[in-house]
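The values are calculated or read from the model by the stated rules, or taken from the named source; none is laboratory data. All of these numbers come straight from a predicted model, not from anything done at the bench. Note that we place each Cβ from the backbone using ideal geometry, even for glycine, and neighbour counts take in every protein chain shown.
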Amino acid sequence: MTGIGFSVFETAIGWAAIGWSDAGVVRVRLPDADASRARASVRRWLPGAAEARPEASVAAAVERIVALLAGERIALTTVALDMTGVQPFDRRVYEGARAVPAGETTTYGALAERIGAPGEARAVGVALARNPFPIVVPCHRVVAADGRLGGFSAPGGVETKRRMLAIEGAGVAAQPTLFDPPRPPRRLIPMRACAGIRNHSPSSA
């Protein structure tokens with residue numbers, strides 16, 4: 001990749017950031033209350049990248065992200081992504097996830113079926129955990145089969161995921177509280193938190 005740049009921008013739910021190369025978007029940072037944290041995150045992910053004014057196609061992507069997080073039914077499927085270094089299976093997962101429209105959700109198992117990999121819900125969860133393009137690749141729209149949201153390592157945790165889905169008009173199940181009846185323990189997949197999601201539970205898809 002050459003010509004790496006990044007920009008920090010404000011949305012209705014906080015400060016996000018986007019990084020790009022000559023081939024397209026390489027990284028998206030989910031919104032945070034603090035612009036400086038968003039900036040620092042991108043600099044860690046893209047060492048040597050220069051903060052700059054986005055070129056036209058990236059600026060258009062930013063406008064669409066801002067509109068989506070403001071409650072508009074905006075599709076981001078035309079945003080060009082630089083998938084250099086992304087594994088082939090992960091590409092299929094991301095392309096499948098991009099087909100889930102705002103206002104809807106899917107499960108790990110259903111997404112596996114959609115991309116022609118039935119029974120690979122666990123692998124789908126692993127791919128989503130390293131998604132470098134959250135929002136553009138809407139991994140927040142993938143939930144457990146029982147409708148629960150699972151973990152979310154973005155600023156604000158699972159509440160950020162719930163808020164994003166609510167903005168999009170997607171119905172989401174309430175998370176358990178101390179007053180809920182106990183549920184059988186589920187085995188969570190240990191995985192490195194990346195780009196916004198952790199502790200996916202595709203085994204329950």
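For the reader, a short list of remarks on this structure follows.
- Subset of region 20-79 that is of a type in the set (S, T, N, Q) and in a helix (DSSP H, G or I) - its residue that is nearest to the chain's Cα centre (by Cα): SER41
Results for (1) over 19 Å from ASN131 (Cα atoms); (2) surrounded by fewer than 22 Cβ atoms within 10 Å (Cβ to Cβ); (3) not charged (D, E, K, R), shown as yes or no for each residue.
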{"site": "GLY3", "(1), (2), (3)": "yes, yes, yes"}
{"site": "ILE13", "(1), (2), (3)": "yes, yes, yes"}
{"site": "GLY19", "(1), (2), (3)": "no, no, yes"}
{"site": "VAL25", "(1), (2), (3)": "no, no, yes"}
{"site": "ALA33", "(1), (2), (3)": "yes, yes, yes"}
{"site": "LEU46", "(1), (2), (3)": "no, yes, yes"}
{"site": "PRO54", "(1), (2), (3)": "yes, yes, yes"}
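- Residue satisfying all of: in region 98-138; among the small types (Gly, Ala, Ser) and closer than 18 Å to GLY169 by Cβ; surrounded by the most Cβ atoms within 10 Å (Cβ to Cβ) among these: ALA102
- Selection from region 71-106 of residues that are of a type in the set (Gly, Ala, Ser) and modelled with pLDDT under 95: GLY71, ALA75, GLY85, ALA102, GLY103
- The set of residues from region 5-19 being in contact with a Phe, Trp or Tyr (Cβ under 7 Å, 6 or more places away or on another chain) and either among the small types (Gly, Ala, Ser) or in a helix (DSSP H, G or I) (or both) comprises GLY5, ALA16, ALA17, GLY19.
- Any pair with Cβ under 8 angstrom, 6 or more apart, that starts in region 40-59 at a residue that is on the phi > 0 side of the Ramachandran plot and ends at one that is among the hydrophobic types (A, V, I, L, M, F, W, C) and surrounded by 13 or more Cβ atoms within 10 Å (Cβ to Cβ): GLY48/ILE4
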